[in-house]
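The values are calculated or read from the model by the stated rules, or taken from the named source; none is laboratory data. All values derive from a computational prediction rather than experimental measurement. Cβ: placed from backbone, ideal geometry, glycine included. Neighbour counts: every protein chain shown. The area values use the complete protein model at the heavy-atom level, side chains included, leaving out ligands, DNA and RNA. Shrake-Rupley method; radii C 1.70, N 1.55, O 1.52, S 1.80 Å.
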Amino acid sequence: MKKTGLKDLPNAVNGNVVLRFAPNPNGPLTLGHARGVTINSEYAKNYDGKVVLRFDDTDSKVKPPLRDAYTWIEEDYKWLTGKEPDIIVRASERMEIYMKYAKKMLNEGFGYVCKCSAENFKKLRDNSKECPCRMKDPKENLSDWNEMISGLLSEGMAVVRVKTDMNLPNPALRDWPALRIQHTPHPMVGDKYKVWPLLDFQSAIEDYEQGVTHIIRGKDLMDSTRKQTLLYNHFGWEYPETLYWGRVKIHEFGSFSTSGMRGEIENKNYSGWDDPRLPTLRALRRRGFDSDAMRDFWIDLGLTQKDISVSLQTIESFNSSKIDSKCERRVFVRNPQIIRLDENNVEIERKLVLNKHPLNEIKGHREWDLEDLDIYIESTDLGANEIRLKDFADVEIQDSVGIIQSIDRTDKRKIIHWLPKTIAKKAILTIPKGNEIIIQEGMMEDIEIMKNSIVQLERVGYAKIESNNDDVVKLLWLHG
RNA sequence: GCUCGUGUGGUGUAGUUCGGUCCAUCAUGCCGCCCUUUCGAGGCGGCGACCCGGGUUCAAAUCCCGGCACGAGCACCA
């Protein structure tokens, strides 16, 4: 008995579930982010809950936020889920809250300002030794804190730590850092703050503030859960239910990082964030991927901790089943060769009426005029002598002449697509392949070519019509 | 090294909590067939897996022990 959709969320109360999706706004969303958006929004839908879109923009130095990315991410989120997030928060706008809790931590003695160097502290930590700063009383910590936030101390000179236990078996959890000094101006709030929280602190506080009930995150963040649980214990809060997913690799896309792409785009190696070779949602959307298909794909993968590697083909297959009934058929003949048809005393129709969709899922027809008997076929189809022109007739090819043998199909010969010269228009198909762009020129059926629509080029594959002017149709490859 | 996690066909996934209904689900892939309407749409059929070794049991993908493999964290990144 196969369950459809996602497994139940542990301890979830219908109508009382709060989830969150927390990207770093340093670029638009990628295919990988789509998993987080999909899983969280799907659970919210199933439990009549809410999703918080939270921008974790607390690092202006290593991963500087991009002003435009906030809007891009909201657009991408909306495209994929079909709705706005229930709540949107920006960490950089909520600094006062984090500062308040930091101060409280210092006041109540479960946090301290540590002035040890990073290397020094690591040495002590790895030997389960406490650092001298740990002994300070709240008063001294508060005065050090004031030095930090006033800008008196420069970067690297001090950090606020959460007191845990130096004998914890996992060294990563011992007195972990919560806030650090950062003087690089923030693109959204400038140089107003000299101290910024680290992910584990900011995220923990914000989850509490937003009443998050379920956190779904990568398993690389398992230690974050443990660290944050320790902090929650100090504050007397109850930590949310936490679920994890493993890493996903898509065969066809190498290892792209958002910051890597950003650099490549700035260096003009890609035309922009929607360059069809890129794994961004905007690129995929531009090519014609359907948002529901993408959601179906991620829901089908489900939520497991396994590190997986999947093929784009799987997503494409989901996409085909979603879009096929909406895609009209058209002919596109690559590397066209002219063939002159010879009626050979066979009585033929001078007007062919073809369905827009083979199963007639899209009503309507395309009418082909056959007054002129010059037609195009693909040069690679020239090899066989006897072929069948799809939806028309069996022909024998001899020296660029196609001798019509029969209107009815008489044998199992290859069926090829073709196009009367009179209704052919020049077209260029752009195919992103790995890091390459392949250009295929040919002739396309010049019937109702509508910009931005996706058509199935018979025997070729799906493509999006990107533009159509007087001389040429520009097509962008989707998939086979 | 320390800490944590994961191992079901080519790729994913269901089943593992409470052992039998599992000679293991579904999708994708591959192969083949059908369709005078696509080699690439659609329909139909086929191929193919429980990491290894012990143990418990009438019975193990499921429980126990021991290996092995892979991955992640150990940042004043997110």
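Go through the residues of the stretch A:22-29 one by one and say whether even a single one is open to solvent by 10 Å² or more (accessible area, probe 1.4 Å), more than 21 Å from A:Thr280 (Cβ to Cβ), of a type in the set (Gly, Ala, Ser) and touching an Asp or Glu at 6+ places or on another chain (Cβ under 9 Å). Give the derivation first.
Of all residues in the stretch A:22-29, those open to solvent by 10 Å² or more (accessible area, probe 1.4 Å) come to A:22, A:24, A:26.
If we keep only those that are more than 21 Å from A:Thr280 (Cβ to Cβ) too, we end up with none.
Scanning the stretch A:22-29 turns up no residue that is open to solvent by 10 Å² or more (accessible area, probe 1.4 Å), more than 21 Å from A:Thr280 (Cβ to Cβ), of a type in the set (Gly, Ala, Ser) and touching an Asp or Glu at 6+ places or on another chain (Cβ under 9 Å).
Which residues, counting only those in the stretch A:219-235, are more than 17 Å from A:Gln202 (Cβ to Cβ) and open to solvent by less than 50 Å² (accessible area, probe 1.4 Å)? Passing the criteria: only A:Met222.
Yes or no, residue by residue, for (1) assigned by TED's automatic domain parsing to the domain that holds A:Asp207; (2) open to solvent by less than 50 Å² (accessible area, probe 1.4 Å); (3) modelled with pLDDT of 95 or more; (4) under 40 Å from the mean Cα position of the chain (by Cα):
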site	(1), (2), (3), (4)
A:Thr81	yes, yes, yes, yes
A:Pro85	yes, yes, yes, yes
A:Lys103	no, no, yes, yes
A:Ala118	no, no, no, yes
A:Lys122	no, no, no, yes
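If only one of A:Ser320, A:Ser325 is crowded, with 18+ Cβ neighbours inside 10 Å, within 9 Å of RNA strand B (Cβ to nearest atom), in contact (Cβ under 8 Å) with a residue 12 or more places away in the chain and in a helix (DSSP H, G or I), which one is it?
Working: A:Ser325 fails: crowded, with 18+ Cβ neighbours inside 10 Å.
The match here is A:Ser320.
Restricting A:Asp394, A:Asp446 to those that are surrounded by 15 or more Cβ atoms within 10 Å (Cβ to Cβ), away from RNA strand B (no atom under 13 Å from the Cβ) and acidic (Asp, Glu) reduces the list to A:Asp446. Taking each residue of the stretch A:334-350 that is closer than 22 Å to A:Ala427 by Cβ and looking for partners that are in a loop (DSSP other than H, G, I, E, B) and not hydrophobic (A, V, I, L, M, F, W, C) with beta-carbon atoms closer than 6 Å, six or more apart or interchain, yields A:Ile339/A:Ser400.
Screening A:Thr280, A:Thr314, A:Thr304 for residues that are hydroxyl-bearing (Ser, Thr, Tyr), within 30 Å of A:Lys7 (Cα to Cα) and either more than 10 Å from RNA strand B (Cβ to nearest atom) or surrounded by 17 or more Cβ atoms within 10 Å (Cβ to Cβ) (or both) leaves exactly one candidate, A:Thr280. Residue check: A:Asp381 meets all listed conditions (1) within 14 Å of RNA strand B (Cβ to nearest atom); (2) assigned to a loop (DSSP other than H, G, I, E, B); (3) among the acidic types (Asp, Glu) but one, namely (2). The residue of the stretch A:328-345 that is nearest to the chain's Cα centre (by Cα), among those that are part of a loop (DSSP other than H, G, I, E, B) and not charged (D, E, K, R), is A:Val331.
No other residue among A:Val212, A:Val248, A:Val189 is assigned by TED's automatic domain parsing to the domain that holds A:Met157 and either aliphatic (A, V, I, L, M) or open to solvent by less than 20 Å² (accessible area, probe 1.4 Å) (or both) apart from A:Val189.
Could you please give the count of residues in the stretch A:403-432 that are open to solvent by 10 Å² or more (accessible area, probe 1.4 Å), among the hydrophobic types (A, V, I, L, M, F, W, C) and in contact (Cβ under 8 Å) with a residue 60 or more places away in the chain?
Of the residues in that region, 3 qualify.
State the number of residues belonging to the stretch A:124-138 that are open to solvent by less than 70 Å² (accessible area, probe 1.4 Å), among the charged types (D, E, K, R) and outside any helix (DSSP H, G or I). Before you say what the answer is, go through the steps one by one.
Here is the first cut: in the stretch A:124-138, the ones open to solvent by less than 70 Å² (accessible area, probe 1.4 Å) are A:124-125, A:128, A:131, A:133-134, A:136, A:138.
From the residues that got through so far, the ones that are among the charged types (D, E, K, R) too are A:125, A:134, A:136.
Now narrow it down to the ones that are outside any helix (DSSP H, G or I): A:136.
Residues flagged as open to solvent by less than 70 Å² (accessible area, probe 1.4 Å), among the charged types (D, E, K, R) and outside any helix (DSSP H, G or I) within the stretch A:124-138 amount to 1.
Residues in the stretch A:39-55 that are crowded, with 21+ Cβ neighbours inside 10 Å and touching a residue at least 40 places away in the same chain (Cβ under 8 Å): how many? So the count comes out to 8. Only residues that are touching a Pro at 6+ places or on another chain (Cβ under 9 Å), on the phi < 0 side of the Ramachandran plot and surrounded by fewer than 21 Cβ atoms within 10 Å (Cβ to Cβ) were counted across the stretch A:105-114, and they come to 2.
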